[in-house]
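One structure is given here, and the rest of the page talks about it.
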Amino acid sequence: MTGPAFAADTSLPGVTVMPSPNHGPRAAGAAVDLLVLHYTGMPDGSAALRRMCQAEAQVSAHYMVEEDGRIFQLVPEARRAWHAGVARWRGRADVNSHSIGIEIVNPGHEFGYRPFPAVQMQAVAALCRDILDRHPAILPGGVVAHADVAPARKEDPGELFDWPFLADQGVGLFPAPVAGAGGDAAALLRQIGYPLGEDGAETPEGLRAALVAFQRRYRPSELTGQADAGTLAMLTAVARALKPEESIR
Ligand SMILES: [Zn+2]
């Protein structure tokens, strides 16, 4: 079962449109200012593609990138795809209305997590750059992991994902750490956009989950949930790298 046919939003060559029925209208007036990156977390890409095209599954993403670099578009960018679930960023819920979602094929922590091949990372970078060119409201700090916007529930795309490579390609942030930085980890996480608990509440478990999500991305050798000196150095660097308009308080 598929959704109605549509033309690909991207002019990148070799994109296959595979219409999913799983989408709806974006919230009225919602600006598209986030790009959410996921891993599929299924044994292989064709299973993920099948699932996202089944109406019963109630899940989708705008794009999926295979391990060999092939790109599929499942949902038109103008529509609200169903990829982020219960999530929050910069104090705002309904991440799906404000975002474009890309599923990146990888078995994930449940089915044999493995490095993302270079050809796949190159395709992800090209697709992200194309999306950012067409959506200038997505600022560098608006390129986020699923784990960033749902730290208590999600790990993807995880600590093997090559964020430094993407930043080199002009996608997202990966600043040099600010050595010797002090500061309050909770305040810095909040400033960057992380939720520190469910439904806008802040809890010790929520802070710990946000720290692990931050570390998966910026300090993948230390998934401790502790604000050690290296983590504070990166938290400070990321907070300083944000544009003024995307920094909370
Ligand atoms: Zn995800």
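The values are calculated or read from the model by the stated rules, or taken from the named source; none is laboratory data. These numbers were taken from a predicted model, which means no experiment stands behind them. FYI the Cβ positions are ideal-geometry reconstructions off the backbone, even for glycines, and counts take in every protein chain you see. Side chains included, ligands, DNA and RNA excluded: accessible areas come from the protein's heavy atoms. Shrake-Rupley method; radii C 1.70, N 1.55, O 1.52, S 1.80 Å.
Output the number of the condition that VAL59 fails; it satisfies all remaining conditions of (1) more than 12 Å from the ligand (Cβ to nearest atom); (2) in contact with a helix residue (DSSP H, G or I) (Cβ under 8 Å, 6 or more places away or on another chain); (3) farther than 16 Å from ASP44 by Cα; (4) assigned to a loop (DSSP other than H, G, I, E, B).
(1)
Tally up the residues in region 91-113 that are over 11 Å from TYR39 (Cα atoms) and not aromatic (Phe, Trp, Tyr), please. Show your work before the answer.
Going residue by residue through region 91-113, those that are over 11 Å from TYR39 (Cα atoms) are 91-100, 110-112.
Restricting the remaining residues to those that are not aromatic (Phe, Trp, Tyr) gives 91-100, 110, 112.
The total comes to 12.
Quick check on region 132-142. Is at least one of its residues within 16 Å of the ligand (Cβ to nearest atom), farther than 21 Å from GLY29 by Cβ and in contact (Cβ under 8 Å) with a residue 12 or more places away in the chain? Steps first, please.
Filtering region 132-142 down to residues within 16 Å of the ligand (Cβ to nearest atom) leaves none.
No, region 132-142 contains no residue that is within 16 Å of the ligand (Cβ to nearest atom), farther than 21 Å from GLY29 by Cβ and in contact (Cβ under 8 Å) with a residue 12 or more places away in the chain.
Scan region 34-50 and give yes if some residue there is among the polar types (S, T, N, Q), touching a strand residue (DSSP E or B) at 6+ places or on another chain (Cβ under 9 Å), open to solvent by 20 Å² or more (accessible area, probe 1.4 Å) and not in a strand (DSSP E or B), otherwise no.
Restricting attention to region 34-50, the residues satisfying the condition of being among the polar types (S, T, N, Q) are 40, 46.
Restricting the remaining residues to those that are touching a strand residue (DSSP E or B) at 6+ places or on another chain (Cβ under 9 Å) gives 40.
Remaining after also requiring open to solvent by 20 Å² or more (accessible area, probe 1.4 Å): 40.
In the following step, the residues that additionally are not in a strand (DSSP E or B) were identified as 40.
Yes, some residue in region 34-50 is among the polar types (S, T, N, Q), touching a strand residue (DSSP E or B) at 6+ places or on another chain (Cβ under 9 Å), open to solvent by 20 Å² or more (accessible area, probe 1.4 Å) and not in a strand (DSSP E or B).
Of the conditions (1) within 22 Å of ASN106 (Cβ to Cβ); (2) of a type in the set (D, E, K, R); (3) over 14 Å from the mean Cα position of the chain (by Cα); (4) surrounded by fewer than 17 Cβ atoms within 10 Å (Cβ to Cβ), ARG153 satisfies every one except a single condition; which number is it?
(3)
Condition check ((1) outside the structural domain of PHE116 (by TED's automatic domain parsing); (2) under 17 Å from THR231 (Cα atoms); (3) crowded, with 22+ Cβ neighbours inside 10 Å) across all residues:
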residue: PRO140; (1), (2), (3): no, no, no
residue: GLN169; (1), (2), (3): no, no, no
residue: TYR194; (1), (2), (3): yes, yes, yes
residue: PHE214; (1), (2), (3): yes, yes, yes
residue: ARG219; (1), (2), (3): yes, yes, no
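Give region 1-28 a look and list any residue that's modelled with pLDDT under 95 and open to solvent by 90 Å² or more (accessible area, probe 1.4 Å), or say none.
Answer for region 1-28, where residues must be modelled with pLDDT under 95 and open to solvent by 90 Å² or more (accessible area, probe 1.4 Å): MET1, PRO4, ALA5, SER11, PRO13.
Condition first: of a type in the set (Ser, Thr, Tyr) and in contact (Cβ under 8 Å) with a residue 40 or more places away in the chain. Now tell me which residues in region 9-67 satisfy that. Talk me through it step by step, then tell me what you get.
Going residue by residue through region 9-67, those that are of a type in the set (Ser, Thr, Tyr) are 10-11, 16, 20, 39-40, 46, 60, 63.
Hits for region 9-67 are THR10, SER11, THR16, SER20, TYR39, THR40, SER60, TYR63.
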